[in-house]
Amino acid sequence: MMISSLLAEILNTLAGLQEKLPNTKWYGFGSFFHGQSSFNDIDLLAVCRDASEVLSVRSALYELSSVWPIHLIIMTDSEEAETDFIFRQGCQLLVPAAV
């Protein structure tokens, strides 16, 4: 599968989760999202409004994670703000929160 097809599959999956996880913002980072032709995994960050949504994120990505080597990090808004993870890792917003 070409990288562009894989990216489209990831984006479609994440966009499809907006109804179930409306407050989650999805980011990509690492070698796959920085345009390197070789990568070991696909780094995704899910930033949730609060812990109640965190519990649903992993199960929502189960199917995609069973097909592709997804490395998923889940944080709440406050955890991300404390660590400044998005800035430090050069994360790219893939799908914004629906609300």
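Accessible surface calculations at 1.4 Å, restricted to protein heavy atoms, place the chain at 57 Å² per residue. Rolling a 1.4 Å probe over the protein heavy atoms of the stretch 59-99, with every protein chain left in place, gives an accessible area that is 56 percent carbon and sulfur. The simple spin-label model puts a point 7 Å past each Cα toward its Cβ; for Leu93 and Ala8 those points are separated by 2.5 nm. Shape descriptor for the stretch 1-45: Rg over Rh equals 1.00 (Cα atoms; Rh from the Kirkwood inverse mean 1/r). Placing dummy labels 7 Å off each Cα toward the beta-carbon, the span from Val67 to His34 is 2.7 nm.
Of the peptides 25-36, 53-64, the order by per-residue mean of other Cβ atoms within 10 Å, starting with the highest, comes out as 25-36, 53-64. Note on the stretch 47-99: Kirkwood hydrodynamic radius from all Cα pairs is 12.3 Å, rounded to one decimal. From the Cα gyration tensor of the chain, with a ≥ b ≥ c the square roots of its eigenvalues, which class applies: rounded if a/c is under 1.5, or else prolate if a/b is larger than b/c, or else oblate? Here the chain falls in the oblate category. Rounded to the nearest 10 degrees, the inclination of helix 51-60 to the longest alpha-carbon principal axis of the chain is 30 degrees. Relative contact order for the stretch 1-93: 30 percent, from Cα pairs under 8 Å spaced at least 6 residues apart, divided by residue count.
The values are calculated or read from the model by the stated rules, or taken from the named source; none is laboratory data. These numbers come from a predicted model, not from an experiment. Reconstructed Cβ throughout: ideal geometry from the backbone, glycine too, with neighbour counts over all protein chains shown. Areas reflect the complete protein model, heavy atoms only, side chains present, ligands, DNA and RNA absent. Shrake-Rupley method; radii C 1.70, N 1.55, O 1.52, S 1.80 Å.
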